[in-house]
Amino acid sequence: MPITIAVGSRSLFVTATAWLFILLGVVASLSALVQNAMLASLLPALSSSSPTVSGLMGLMLDYMPWVVGTGLVMSLATLASAIGLLLRLDWARRTFIGLLVVAIVANLLGLWLQQEMMQSVVSRTLGSVALPPQALGVFGGFVTAARVMAVVVTLGACGLLGWIIRRLMSAGVRREFA
């Protein structure tokens, strides 16, 4: 019995993934543009009005335009590759997989930043406010729960992106792009 290969048949997975990331790309691009506009108007005021802006906050203010710009570039690249994915262009599939790998790496590196920011907030809060021992225990429980949830959500998102990569690299999906 001959083997029939369905070249060009369109799977629901690729179509749904493309549309989802087109929507996410549009929202993220618009968000980055708004953040860039807000940052451009607020950064001079924050830098000049407060001489006490130093340390981690000063460092964040210095690098914020680069972070927002990188987010905009990544959003636009995701949008373009998702449109190409919808059109079943092989370069778009490969680019999309690369962007998902970059997103996984950024999320995993972001775990460190999440934990550092949480530690900074907790240390500043506990340093400025005297809490009774009962409230301190509850506060510590909330902090622990927030840290655990941040790790669980980040690892879950990375797992989901890894699953999408695996499906996009499968033989059936590659045939759609032939």
Number of positions in the stretch 94-103 that are free of Cβ contacts under 8 Å to residues at least 60 places away in the same chain and either open to solvent by less than 50 Å² (accessible area, probe 1.4 Å) or under 16 Å from residue 162 (Cβ atoms) (or both): 4
Odd one out for residue 83 among (1) at pLDDT 95 or above; (2) within 17 Å of the chain's Cα centre (by Cα); (3) hydrophobic (A, V, I, L, M, F, W, C): (2)
Residue within the stretch 137-147 that is touching a residue at least 12 places away in the same chain (Cβ under 8 Å), open to solvent by 40 Å² or more (accessible area, probe 1.4 Å) and within 14 Å of the chain's Cα centre (by Cα) present: no
Candidate set: the stretch 81-93, residues that are assigned to a helix (DSSP H, G or I), in contact (Cβ under 8 Å) with a residue 24 or more places away in the chain and open to solvent by 30 Å² or more (accessible area, probe 1.4 Å); chosen: the one nearest to residue 31 (Cα to Cα): 83
Of all residues making up the stretch 164-178, the number that are within 16 Å of the chain's Cα centre (by Cα) and either within 30 Å of residue 124 (Cβ to Cβ) or open to solvent by 30 Å² or more (accessible area, probe 1.4 Å) (or both): 0
Any hit, the stretch 58-65, residues being modelled with pLDDT of 75 or more, open to solvent by less than 90 Å² (accessible area, probe 1.4 Å) and assigned to a helix (DSSP H, G or I): yes
Any hit, the stretch 124-134, residues being at pLDDT below 95, assigned to a helix (DSSP H, G or I) and surrounded by 11 or more Cβ atoms within 10 Å (Cβ to Cβ): yes
Hey, residue 113 part of a helix (DSSP H, G or I) and modelled with pLDDT under 90 or not: yes
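The values are calculated or read from the model by the stated rules, or taken from the named source; none is laboratory data. Computed from a predicted model, the values in this text were never measured in an experiment. Quick reminder, even Gly has a Cβ in these numbers, built from the backbone with ideal geometry, and neighbours come from all protein chains shown. What goes into the accessible areas is simple: the full protein's heavy atoms, side chains included, and nothing from ligands, DNA or RNA. Shrake-Rupley method; radii C 1.70, N 1.55, O 1.52, S 1.80 Å.
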